[in-house]
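Read the structure below first, then the notes.
The values are calculated or read from the model by the stated rules, or taken from the named source; none is laboratory data. Fair warning: this is a prediction, and the values are worked out from it, not measured in the lab. For neighbour counting, all protein chains shown are included, and Cβ atoms are generated from backbone atoms with ideal geometry for every residue, glycine included. For the accessible areas, the whole protein counts, side chains as well, though only heavy atoms, and no ligand, DNA or RNA atoms are used. Shrake-Rupley method; radii C 1.70, N 1.55, O 1.52, S 1.80 Å.
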Amino acid sequence: MAATRKKKRTARRILAVGAGLATVGALVAALPAGASQDTEARHGSNGKGWGRMVDVQLLSFNDLHGNLEPPTGSSGRLTRIKEDGTTELVPNVGGAEYLATHLRQAREGHRYSITAAAGDMIGASPLLSGLFHDEPTIEALNKLKLDVSSVGNHEFDEGARELSRIQNGGCHPTEGCFEEGKRFKGAKFPYLTANVTDEKSGKPLLDPYFVWERDGVKIGFIGVTLEGTANIVSAEGIKGLKFGDEVETINKYAKVLERKGVKSIVALLHEGGLPASGAYNYDCDTPGAGAGISGPIVDIAKNVTPQVDALVTGHTHQAYACSIPDPSGKPRTVTSAASFGRLYTDTTLTYDRRTKDIVRTAVSSANHVVTRDVEPAGDISTLIKRWSALAAPIANRPVGHIAESIENPLDVYEKPLGNLIADAQLAGMAPADKGGAQLALMNPGGVRAPLTKGADSVVTYGQAYTVQPFTNMMTVVDLTGAQLVTALQQQVSGANLASPKILQVSKNFAYTLDMTKTGADRIVVDSVRLNGAPLDPSKSYRVAMNEFLTGGGDGFPVLATGANKLVGASDLDVFIAYLTANSSAAEPLRAPATGRITVVK
């Protein structure tokens, strides 16, 4: 593993040195038409054929989640603020073929261009990628010329060993090579894991930082994932790993880079913020720097050392390009490009050859929509067709029928598709030999996409997989009424205080959520009902949920205390079984009614 990474890094150094040894005349000739003249006109010459100041283009994106094909439904839309202040939907955005074209067009005319990502490139992926353990997405990212990425929490969905295979290559340990005679080559870009360390040795799982270099211009990248990753991935896959504090880790490696002579630094951070508006072009610096954004990224940005010149972030699936003050009070660019390849961020970093640092006052950044009105990238289209042919026999199998699209909106607590999945889990685990479940709880983050109705009413295996891609095993455990109330309170307190994670509940369960109050008090305890009756605090109830929740994931430690656990089929199999049993071409399934959670605002 280490030898492979060393070989890749050596290759990059050779390329960089080779470029630096070119004659000055050849270097200037290689610049795009007018580029060297423009740079000298704006920044002046240093007598060596190029100006003291160099504009470096940083293209970035985050949270792709293996969306190679254009995302559908709400996942393929954005919101935009119009000139008159009203908002409108921007439909038909995203898709790797179109992202590739937009990135390639954006690079035109830029000798100094870097492409970076802030994690969750893979994991929770649609069937086209997920069925093949995300090898197709890594192949696509290689073709997109991604230079570097931090890891996100979803890079750990299949565990640390699988992430190492994704980085270094090799066929899957149990399923082997998916194409005869073709060995998976791994990511050509480095995945950075600065704050993911071995508990015993303290060494990072993969490289902690990466230095991009061209013509003497050096920019260092430090990659971290959110400190709370261990709470939102399966514990089994990350045994022996520690996820460190984001600020402490970035500040540590900023000093390391400084000692190596790298003074221009960008942090790639898989943690994010929540802008006041969901519109991708919202100005979150109104009325002041960073005034229009909240969430974990604000405190992180305010404490990361001023040595870091910009932060590329992710995780929250939001769009923003803000200036948040650093510890010295100076504004610093912080960006995020939503999710699923619907946006990319174009940031200009002006590099001073004399100081070897970024001129922070000159940094500019903006998000751009990945529209589908451009020619799709042919090499990515070919890749998608190749993997689609392999997946087709499984993906196209009909598993049910729907009368309408069943949505998974991000901005509401109770989601129609969340209700449907909870109902499916209760139905699948209610029989005595399946666990005797009396209610079901579903984590909202496990619902990955809407169930979109096509030209007919058919739901395919591929669509169902896209909704439930984790294939977590279903479990049924004993929880008392008091423990169930505690679980509801943990939705809005503790680890979930700042960003509530509202569980989706089966149709026989109901309660009131009072958002005018704070913390655990938001749960109106007297309102909690099962089959119309109040919960008995001392009575045990059989509760169905996936193994992620049973392990205490998403900030629900009380769910890990359940007794008499029974393990059943996968959540995907339970979902598909419900669709098949409860729908037909003559009687397609409709979206379940909402109202299980009464929200007071």
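Numbers for the structure displayed
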item: Residues that are within 27 Å of the chain's Cα centre (by Cα) and either among the basic types (Lys, Arg) or farther than 24 Å from residue 398 by Cβ (or both), drawn from region 416-441; result: 440, 441
item: Residues within region 211-231 that are within 15 Å of residue 195 (Cβ to Cβ) and touching a residue at least 24 places away in the same chain (Cβ under 8 Å), tallied; result: 10
item: Matching residues in region 559-575 - criterion: being among the β-branched types (Val, Ile, Thr), open to solvent by 20 Å² or more (accessible area, probe 1.4 Å) and part of a helix (DSSP H, G or I); result: 561
item: Residue list for region 102-135, restricted to those being open to solvent by less than 20 Å² (accessible area, probe 1.4 Å), within 27 Å of residue 227 (Cβ to Cβ), part of a loop (DSSP other than H, G, I, E, B) and of a type outside the set (A, V, I, L, M); result: 119, 120, 123, 125, 134
item: Positions within region 78-116 being without any contact (Cβ under 8 Å) to a residue 24 or more places away in the chain and either of a type outside the set (Asp, Glu) or in contact with a Pro (Cβ under 8 Å, 6 or more places away or on another chain) (or both), in sequence order; result: 82, 85, 86, 89, 91
item: Output for region 387-406, where each listed residue is open to solvent by 60 Å² or more (accessible area, probe 1.4 Å) and touching a residue at least 12 places away in the same chain (Cβ under 8 Å); result: 390, 394, 396, 397, 398, 404
item: Condition met for residue 165 (modelled with pLDDT of 95 or more and open to solvent by 30 Å² or more (accessible area, probe 1.4 Å)); result: no
item: Residue within region 533-544 that is open to solvent by less than 40 Å² (accessible area, probe 1.4 Å), of a type outside the set (Phe, Trp, Tyr) and in a strand (DSSP E or B) present; result: yes
item: Residue satisfying condition, being over 30 Å from residue 219 (Cα atoms) and among the small types (Gly, Ala, Ser), within set 113, 129; result: 129
item: Region 347-363, subset at pLDDT below 95 and surrounded by fewer than 16 Cβ atoms within 10 Å (Cβ to Cβ), residue farthest from residue 51 (Cα to Cα); result: 361
item: Hits in region 318-346 - residues which are assigned to a strand (DSSP E or B), open to solvent by 10 Å² or more (accessible area, probe 1.4 Å) and of a type outside the set (A, V, I, L, M); result: 323, 325, 331, 333, 344, 346
item: Residue 99 being of a type outside the set (Val, Ile, Thr) and either open to solvent by less than 10 Å² (accessible area, probe 1.4 Å) or not in a helix (DSSP H, G or I) (or both); result: yes
item: Test: residue 591 is under 31 Å from the mean Cα position of the chain (by Cα), assigned to a loop (DSSP other than H, G, I, E, B) and either among the basic types (Lys, Arg) or farther than 26 Å from residue 473 by Cβ (or both); result: yes
item: Residue in region 58-92 that is farthest from residue 385 (Cα to Cα), counting only those that are in contact with a helix residue (DSSP H, G or I) (Cβ under 8 Å, 6 or more places away or on another chain) and buried (at least 24 other Cβ atoms within 10 Å of the Cβ); result: 59
